[in-house]
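Read-outs: derived from the displayed coordinates by stated rules, not from any lab. Computed from a prediction, not measured in an experiment: that's the story for all the values here. All Cβ positions, even for glycine, are placed from backbone atoms using ideal geometry, and neighbour counts span all protein chains on display.
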Amino acid sequence: MRIGVLMGGISAERDVSLNTGRGVFKALGDRGHEVVAIDWTQREDLAATLRRERVERAWIALHGTLGEDGCVQGLLECLRIPYTGSGVTASALAMDKVLSKRLFEAAGVPTAAWRIAGTDPDERARELGFPLVVKPACEGSTVGITVVREPRQIEEAVALARQHHGATMLEAFVPGRELSVGIIDGEVLGTVEIRTRGGFYDYDAKYLRGDNEYLVPAPIEGDVDRAVRGAARDAYFALGCRGHARVDVRLDPQGRPFVLEVNTLPGMTQTSLLPKIARHAGMDYGALCERVLAGARLG
């Protein structure tokens, strides 16, 4: 099979996607696959490129708008090219945090209290209390997110979020620990705890500073570990996900997990969270990329 690794894209996460794509491209090539790298830019007709490059399977290394939200998945469905990751509907639901929240609540998945900012974000903020998080509903990699600790910060935080995609959300800040859970084909691979010097795992902490501490597996056990894994798996299935995903969770001081979101196309650089989790589970980076590829399909 001729495999196209789709990377780059036109979202705010383009640079992250290029790093993911380069890693996947090299790993699959090293394992003997026929691979072509496709750096999708705004000027390019992606369908024409896929046909020209004779792509028979798509390994989607895109992140964010148009790549992770069901749009590229829909194109690949129309072209009858099997692809990695979740399908059209699950991708769209996971990318839209408002819809995700509603489905989590309907399925009994624990998640932080939230409101849509609407026309009176100050009133919505008072309903939730401080501190709280302001975020755009349809972005990833913490793009456009602000932790707001007092009322005077609301206006600026909302203005920033509204520069990005989706409705502007307010979410109760959950104190405690930052966890991520790796899942492949419905199986929980493991957990990681992220400890960052600034206390907030934002874009700079993820990709620029390099001063974070990653604990794999997360130092939790017993009932708390089972609760974290169960909440993550329930969130994955509530959205109808398939293939690989990473579920972000906050664990409060009482040991209660709160699901923040499901990433249906998580970062896949050598140092990303899912590869860290997989490595501890006995699966090296190349094997992880191949396992993801094995799940490529339509529908």
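Can you give me the Cα centroid spacing of the stretch 121-148 and the stretch 93-117 in angstrom?
Centre-to-centre distance over Cα atoms comes out at 14 Å.
Beyond 19 Å, what share of the Cα-Cα pairs of the stretch 2-85 is found? Please give it as a whole percent.
Value for the stretch 2-85: 28 percent of Cα pairs lie more than 19 Å apart.
Please state the charge dipole magnitude for the stretch 1-58, taken about the Cα centre, from unit charges on C-beta atoms (+1 on K and R, -1 on D and E), reported in debye and rounded to the nearest 20.
160
Using unit Cβ charges (K, R positive; D, E negative) and no other charged atoms, how large, in debye to the nearest 20, is the dipole of the chain about its Cα centre?
With only Lys, Arg, Asp and Glu charged at Cβ, the dipole is about 540 debye.
Could you give the dipole magnitude of the stretch 157-299 about its Cα centre, charging the beta-carbon of Lys and Arg +1 and that of Asp and Glu -1, in debye to the nearest 20?
That gives the stretch 157-299 a dipole magnitude of about 220 debye.
Over all directions, the average projected area of the alpha-carbon convex hull for the chain comes to how many nm²? Mind dumping the intermediate values first?
Values: hull surface 59.5 nm².
Here the figure is 14.9 nm², rounded to one decimal.
Can you list the DSSP H helices in the chain whose Cα atoms extend at least 20 Å along the helix axis and whose mean Kyte-Doolittle hydropathy is -1.0 or higher? Write out the running numbers ahead of the final one.
Details: long enough: 14-30 (24 Å, -0.32); 222-238 (24 Å, -0.35).
Answer set is 14-30, 222-238.
So what's the back-of-envelope 222 nm ellipticity for the chain, counting only DSSP H runs of four-plus at -39500 (n - 2.57) apiece and dividing by all residues, rounded to 500?
-10000 deg cm²/dmol
Going 7 Å from the Cα of Thr41 toward and past its Cβ, which residues in the stretch 50-73 have a backbone nitrogen under 17 Å from where you end up?
What the label zone holds, given the 17 Å backbone N cut-off, is 50.
According to a simple spin-label model (label point 7 Å from Cα along Cα-to-Cβ), what is the distance in nm between Ala48 and Val224?
Once both label points are built, they end up 5.6 nm from each other.
Say a site is exposed when it is one of the trypsin sites (Lys or Arg not before Pro), sits in a DSSP loop, and has at most 16 other Cβ atoms within 10 Å; what is then the longest site-free stretch of the chain?
Result for the longest clean stretch: 198-299.
When DSSP beta bridges are limited to those with both residues in the chain, what percentage is antiparallel, rounded to the nearest 5?
Of the beta bridges lying entirely in the chain, close to 75 percent run antiparallel.
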